[in-house]
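Data block below; observations after.
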Amino acid sequence: MSCPPCPRCQSEFVYQDQSLFICPECAHEWNPAEAAAEDAVTVKDANGTLLAEGDKVTLIKDLKVKSSSIVLKIGTKGVIKRLKEGKDHQLDCKVDGAGDMMLTAQFVKKA
Ligand SMILES: [Zn+2]
């Protein structure tokens, strides 16, 4: 069974003890299942519903598009192409009538 290198000191002498990985060099212990969960991007819409790539979303307010005169009207639909970590503009969307753009998750709801 091969173990990953220590995420803290990059040691290759990590060993496994039940569900934990343990690094003998810096004494770091971690649970690979929890680490994976933290890595996953979780983005929620205005209602607190988890969003995923491929989800259809609807705007819940008019949004002015930065550096253009376009205003996306409330009710405009889009499809999430990619999710990104962050406080805003987490959704890389293809928006009906406007093309690809980054939307902020709190301004949409899952359709
Ligand atoms: Zn270590």
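Throughout, read-outs are computed from the coordinates displayed, never taken from laboratory work. The model shown is predicted, which means the values in this text are computed figures rather than measured ones. No Cβ is skipped: glycine too gets one built from the backbone with ideal geometry, and neighbour counts run over all protein chains shown.
Results, tabulated for the structure shown:
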{"item": "The chain, dipole about Cα centre (Lys/Arg Cβ +1, Asp/Glu Cβ -1), debye to the nearest 20", "result": "1020"}
{"item": "Theoretical gain in end-to-end length, ILE70 to GLU12 [0.36 nm per residue, Cα-Cα removed]", "result": "15.6 nm"}
{"item": "5 angstrom amide H check on ILE60, placed H, neighbours 5+ away", "result": "GLY75, VAL108, LYS109"}
{"item": "Most mobile of GLY78, GLY99, GLY54 in a GNM of the chain (Cα contacts under 10 Å)", "result": "GLY99"}
{"item": "Among ALA52, THR76, GLN16 the positive-end extreme of the charge dipole of the range 1-94 (Cβ point charges)", "result": "THR76"}
{"item": "Charge dipole magnitude, Cβ of K and R +1, D and E -1 - the range 1-40, Cα centre, debye nearest 20", "result": "60"}
{"item": "Simple spin-label estimate for ASN47 and LYS84 in nanometres, 7 Å along Cα-Cβ", "result": "2.7"}
{"item": "Candidates VAL14, VAL95, VAL57: whichever shows maximal mean-square fluctuation once the chain is modelled as a Gaussian network with Cα springs under 10 Å", "result": "VAL14"}
{"item": "Alpha carbon centroid spacing (whole Å) that separates the range 70-94 from the range 45-69", "result": "4"}
{"item": "Enclosed volume per residue, in Å³, of the convex hull spanned by Cα atoms of the chain", "result": "138"}
